[in-house]
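Any read-out appearing in this document is the output of simple, stated calculations on the displayed coordinates, not a laboratory observation. These numbers were taken from a predicted model, which means no experiment stands behind them. Note: ideal-geometry Cβ built from the backbone for every residue, glycine included; neighbour counts use all protein chains shown.
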Ligand code: NAD
């Protein structure tokens, strides 16, 4: 069986690599010639644990290849997965121009039955647009070619993407024909054989499932952040409250860690997009509007704490940031809280020094030379006025505190991920601030 994956980003590369890993012949397509040239040399453009080794292994076996030539790839494929970006449009709705461009390209080139599967996160109703776009091109060519569309939203988490794809909690597939169902069953058989469930449904429900899942997760984060902020005001400890509520199996202990807001390429844009979809149908998604508002404010939490500590004057102060990516185990900085925090610190006249184990190259695209970058987390601290933890990379969890204290001008830590213990920090002589726990300098 041969398939094409169009869009060789986080989702496309993981999907392509994992399908080839189970023996399927996969061609990954992208319009970015430079990216494809690099991939053909074995250079993987993103950091994702385990991905590079899997790509190289399957390239060597001849099951995985990369090209910019969509025409030849789709002609030889039984299924085409669309996994291009769906960034937010100016009004917050998902911009479908890349998805529909691929659909039109498919219509221009297929000449035998093809299943066109949307893996990108797309609003309800997109599959109909994909279907129409393919059909219009076939009509222009005045040919009759059978094809089906399907929706197969992706639930992988960056940083654990390979494991998520190979061992998914569930695979959601929306379709409308028995032929499409047979093909998808065959493709996913290696995964279902291992006991991972496939949930078949209609296309609209599959499209909605992806947005509902991400919105639910974003809601958990904003909920716990809102409660954390209240804990701090009333003198409760969010870490204790979190454990207290998480032990209720109806609530669960996952995704209720307080912090400085959700980021990444999915939650912010997907919450915005579903709010937009609802308003197109004259429905007001009140809960998700609040989720978004809480998150936007939460991204400023550490900045506000730093300002307060320095009596609202940080001009000329040096702030060190440990962690820039939106979460550990990825170099992805899209919508990362660090973007907002750096912008505010620089605006207020602070000097910013940054260390991240993986995301420095990515950070340079965002900040250029407005901040300084370090390859050593301790070197960044020399002569700095405070340290802020923005990403909970494992290597930050038990640092050499004595060295940290010695290198900083005044030992102050702003912990946006609650990775340190308040009492221990006090004993070590730090002024320590975190999320949802009252601390005093
Ligand atoms: P990405 O930006 O990393 O990759 C998209 C790729 O598509 C780019 O390499 C781009 O060059 C390519 N592309 C754009 N137009 C093209 C065209 N016409 N032909 C061929 N290639 C084209 O995006 P991503 O993070 O992989 O996300 C892709 C989709 O999957 C989005 O809808 C996203 O919401 C969804 N998603 C992402 C994640 C995630 O964690 N990143 C998880 C689940 C779902």
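Indicate, rounded to the nearest 5 percent, the antiparallel portion of the DSSP beta bridges found entirely in the chain. Please report the intermediate quantities before stating the final value.
Values: 3 of 47 bridges.
Antiparallel bridges: around 5 percent, rounded to the nearest 5.
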* **On Cα atoms only, tilt of 267-280 relative to the major axis of the chain in degrees** => 60
* Reduced Cα scattering model of segment 1-69, Debye log10 I(q)/I(0), q = 0.25, 0.27 Å⁻¹ -> -1.11, -1.32
* Compute the distance in nm between two label points, each set 7 Å from the Cα along the Cα-to-Cβ direction, one at residue 293 and one at residue 91. => 2.2
* To do: Using only the C-alpha atoms of segment 46-158, find the volume of their convex hull and express it per residue in Å³.
  => 126
* Structure fact -> If R0 = 51 Å, then residue 424 and residue 142, at their Cβ-Cβ distance, give a FRET efficiency to the nearest 0.05 of 0.10
* Asked: Once both axes come from the Cα atoms, what is the angle between helix 286-298 and the longest principal axis of the chain, in degrees from 0 to 90, rounded to 10?
  -> 50
* Cα-Cα pairs above 15 Å in segment 314-367: how many percent? -> 41
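Looking at segment 299-433, I'd like the Rg to Rh ratio, where Rg is from alpha-carbon atoms and Rh is Kirkwood's inverse mean 1/r.
On the way: Rg = 13.5 Å, Rh = 14.6 Å.
When Rh is taken as the Kirkwood radius, the ratio is 0.92.
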* **Share antiparallel - DSSP beta bridges, segment 299-433, percent rounded to 5** => 0
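Counting DSSP beta bridges in segment 9-137, what percent are antiparallel, to the nearest 5? Intermediate values should be presented prior to the final figure.
Details: 1 of 9 bridges.
Here the share of antiparallel DSSP bridges comes out near 10 percent.
Hey, what number do you get for the chain at 222 nm if only DSSP H runs of n ≥ 4 count, each worth -39500 (n - 2.57), divided across all residues, to the nearest 500? Write down the numbers at each step before the final one.
Numbers: 17 runs with 195 residues, N = 441.
Helices in the chain give a 222 nm mean residue ellipticity of -13500 deg cm²/dmol.
Below 8 Å between Cα atoms, with a sequence gap of 6+, how large is the relative contact order for segment 211-297 in percent?
Here the relative contact order equals 39 percent.
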* Using only alpha carbons, build the gyration tensor for segment 2-201 and give me the equivalent ellipsoid semi-axes, biggest first, whole Å. => 24, 19, 18
* Using only Cα atoms, locate the centre of segment 191-211 and the centre of segment 268-329, then give the distance between them in Å, rounded to an integer. => 31
* **Relative contact order computed over the chain (Cα-Cα under 8 Å; 6+ residues apart), in percent** => 12
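Please list the three semi-axes, largest first and in whole Å, of the ellipsoid equivalent to segment 370-441, using sqrt of 5 times the eigenvalues of its alpha carbon gyration tensor. Display every interim value, and only then the final one.
Values: eigenvalues 72, 39, 27 Å².
Equivalent ellipsoid semi-axes, largest first: 19, 14, 12 Å.
What does the extension gain come out to for residue 375 and residue 205, with contour length at 0.36 nm per residue minus their alpha carbon separation? Before the final figure, lay out each step's value.
Numbers: separation 170, 0.36 × 170 = 61.20 nm, distance 4.65 nm.
The residue 375-residue 205 span can extend by a further 56.5 nm.
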* Could you give the spread of the C-alpha atoms of segment 211-297 along their three principal axes, from largest to smallest, in whole angstroms? => 41, 27, 23
* Pick from 186, 126, 67: which residue has the top mean-square fluctuation in a GNM of the chain where Cα pairs under 10 Å get a spring? -> 186
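Treat segment 112-213 as a sphere of radius equal to its Kirkwood radius over Cα pairs and apply Stokes-Einstein at 37 °C in a medium of 0.692 mPa s; give the translational diffusion coefficient in µm²/s, rounded to a whole number. Intermediate values should be presented prior to the final figure.
Details: Rh = 14.5 Å.
Using the Kirkwood radius from Cα pairs, D works out to 227 µm²/s.
Relative contact order of segment 315-416: what whole-number percent is it, with Cα pairs under 8 angstrom and at least 6 residues apart? Mind dumping the intermediate values first?
Numbers: 193 pairs, mean separation 34.2, N = 102.
Relative contact order, segment 315-416: 34 percent.
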* Structure fact -> Nearest 10, in degrees from 0 to 90: the angle of helix 203-234 to the longest Cα principal axis of the chain is 0
* Asked: Taking all pairs of different Cα atoms in the chain, averaging 1/r and flipping that mean, what Kirkwood radius in angstroms comes out?
  -> 23.5
* Note the full-extension length gain between residue 52 and residue 1 as 0.36 nm times their separation in residues minus their Cα-Cα distance, in nm to one decimal. => 16.0 nm
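At 0.36 nm per residue, minus the direct Cα-Cα distance, what do residue 311 and residue 135 gain on full extension? Give it in nm, one decimal, please. Present the calculation step by step, with values, prior to reporting the outcome.
Details: separation 176, 0.36 × 176 = 63.36 nm, distance 6.34 nm.
Value of the extension gain: 57.0 nm.
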* For the chain, modelled as a Gaussian network with Cα springs under 10 Å, which listed residue fluctuates most, 63, 242, 141? -> 141
